[in-house]
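Heads up: the structure comes next, in structure tokens.
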Amino acid sequence: MIKKSVYELLKSDGLLPQEVQVKGWVRTFRSNRFIALNDGSTIHNIQCVIDFESTTEETLKRINTGAAIAIKGNLTESQGKGQTVEIQVSEIEILGDSNPDAYPIQPKKHSLEFLRENAHLRVRTNTFSAIMRVRSKLSFAVHQYFQENGFNYVHTPIITGTDAEGAGEMFRVTNFKDNEAPVNEEGEIDFTKDFFGKETNLTVSGQLEAETFAMALGKAYTFGPTFRAENSNTTRHLAEFWMIEPEVAFMDLEGNMDLAEDFIKCVLKSILKSCKDDLAFLDQRLTQEEKSKPQAERSDMSLIEKLRFVADNNFKRISYTEAIDILRNSKPNKKKKFQFPIHEWGADLQSEHERFLVEKHFKCPLILFDYPADIKAFYMRLNEDGKTVRAMDVLFPGIGEIVGGAQREERYDVLVEKMKKMNIDEKELWWYLDLRKFGTAVHSGFGLGFERLVQFTTGMNNIRDVIPFPRTPQNADF
């Protein structure tokens, strides 16, 4: 008796027939004879053909969508269309019943919103099983790339006393009981009496800590959960998400752009190779979705064509100043089609601007660099002009910004001055400043929101559909 997964059985190239055993969940059961069985190992089901003589009426009644079953039988060449092999069932065991009247995931099309409300079961659908397998493979490809290129994986703190982004939208971590927080003479909460002796939050980034490792090990990267307490219900935001953040010593902005481009291309090539069946399904799904859109809004490329286009072509690189000139003189801006019109240099680019540059103007992935210092973080290296920093963003079609990075400010005096200007307490980041006092050097890095990469790879429009259990305002179920 050979015990195999559905994936292994469908790929079987051994002698047929052969006696096999497989376990999985019933997707459909028709004509009281044909079971479509899936165990999560592949997008495809295997057909199991029941022998009436060896199956009781009671068992037949329990073969419902969602039920977990064990099948024994002969793997043979299929008599029907759509599959090469099938199982002629000799024995069937019900491992776990499923009430057909109560089971939410029926063999029909469900809305994505409905499936989010049933996130504990949605991965049993074709769409979400494909997304989550792709997500898993992408995660492996991320680690594989960095490990093969000499990076050291760093587990940076989830609880932090600093705000790397300076955004102030963080989740507080405290041991104070409800309404019992002590206050000081100024009437403010006295965090010196809290568990950590200071105000602490869930991290928005592991970058600053990763820099310390890069300045000792040369190359370091983080890949972990980060948190933003931004009260936003858009299709682009989550309160909990995963960030990929490499940091490299002795690397300037040019090298940083090269690294980001090479990294993205390599992981996409890996997925194109390892997830062919799932991508084919998601490609077909997106094609059907595109047909419902007005002609002017439809994409010129299929999902797989987009992935290959990004993986096989060089990214265009232009300065922020060039981008502003293009946007200022664009038709949407002149005709006041942008929600946020571009009037002058120094404007903070919005998603609509980024997508226009990528999708309409250049029609390829784009890297913008040398942004105004006033709209970027304190740790980005100031250029000689005194008004721009060595920052870079990678922009993708359908996503906008997918990577944000910079050459870090390695000069102690300049960094201190920038921190003062932005009202950042030097005492809180004394250890970060120490890196500039003891063996400072040029170094760079970037951050990539993993969910946005999964979005691009799977063609999903809503970021809540590419993470197992989305955390958003008023939603922390499961």
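The values are calculated or read from the model by the stated rules, or taken from the named source; none is laboratory data. All figures in this text were calculated on a predicted structure; none of them were measured in a lab. Cβ atoms come from the backbone with ideal geometry, glycine included; neighbour counts cover every protein chain shown. Quick note on the areas: whole protein, heavy atoms, side chains included, nothing else; ligands and nucleic acids left out. Shrake-Rupley method; radii C 1.70, N 1.55, O 1.52, S 1.80 Å.
Quick grid of which residues meet (1) in contact with a helix residue (DSSP H, G or I) (Cβ under 7 Å, 6 or more places away or on another chain); (2) within 30 Å of S136 (Cα to Cα):
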position	(1), (2)
C275	yes, yes
A280	no, yes
I304	yes, yes
F362	no, no
F378	yes, no
Test V454 against the criterion of being in a helix (DSSP H, G or I), of a type in the set (A, V, I, L, M) and either open to solvent by 10 Å² or more (accessible area, probe 1.4 Å) or modelled with pLDDT under 95 (or both), and give yes or no. no
Per the filter on region 77-128, residues small (G, A, S), under 17 Å from L60 (Cβ atoms) and open to solvent by less than 50 Å² (accessible area, probe 1.4 Å) are G96, S98
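Do we find a residue being farther than 29 Å from R390 by Cβ and either touching a helix residue (DSSP H, G or I) at 6+ places or on another chain (Cβ under 8 Å) or at pLDDT below 95 (or both) anywhere in region 261-271? Quick ask: steps written out before the conclusion?
Filtering region 261-271 down to residues farther than 29 Å from R390 by Cβ leaves 270-271.
If we keep only those that are either touching a helix residue (DSSP H, G or I) at 6+ places or on another chain (Cβ under 8 Å) or at pLDDT below 95 (or both) too, we end up with 270-271.
Yes, region 261-271 contains at least one residue that is farther than 29 Å from R390 by Cβ and either touching a helix residue (DSSP H, G or I) at 6+ places or on another chain (Cβ under 8 Å) or at pLDDT below 95 (or both).
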Qualifying position, being assigned to a strand (DSSP E or B), out of contact with any Lys or Arg (no Cβ under 8 Å at 6 or more places or on another chain) and in contact (Cβ under 8 Å) with a residue 60 or more places away in the chain, among T222, T212, T226: T222
Got a sec? Which of G404, G447, G398, G439 is at pLDDT 95 or above, within 31 Å of the chain's Cα centre (by Cα) and either more than 30 Å from K276 (Cβ to Cβ) or assigned to a loop (DSSP other than H, G, I, E, B) (or both)? G404
Looking only at residues in region 170-206 that are polar (S, T, N, Q) and open to solvent by 80 Å² or more (accessible area, probe 1.4 Å), which one is nearest to L238 (Cα to Cα)? N175
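Run down L95, L15, L37 and say which single residue is of a type outside the set (G, A, S) and not in a strand (DSSP E or B). Before the answer, list the steps.
Working: L95 fails: not in a strand (DSSP E or B); L37 fails: not in a strand (DSSP E or B).
Being of a type outside the set (G, A, S) and not in a strand (DSSP E or B) holds for just one of L95, L15, L37, which is L15.
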Restricting to region 32-76, and then to whatever is small (G, A, S) and over 23 Å from V123 (Cβ atoms), can you tell me which residue is surrounded by the most Cβ atoms within 10 Å (Cβ to Cβ)? G73
Considering only region 354-377, how many residues are out of contact with any strand residue (DSSP E or B) (no Cβ under 7 Å at 6 or more places or on another chain), over 28 Å from D312 (Cβ atoms) and surrounded by fewer than 21 Cβ atoms within 10 Å (Cβ to Cβ)? 2
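Part of a helix (DSSP H, G or I) and surrounded by fewer than 17 Cβ atoms within 10 Å (Cβ to Cβ), is that true of D413? Before the answer, list the steps.
Values: part of a helix (DSSP H, G or I): yes; surrounded by fewer than 17 Cβ atoms within 10 Å (Cβ to Cβ): yes.
Considered against the rule, which asks whether it is part of a helix (DSSP H, G or I) and surrounded by fewer than 17 Cβ atoms within 10 Å (Cβ to Cβ), D413 comes out as yes.
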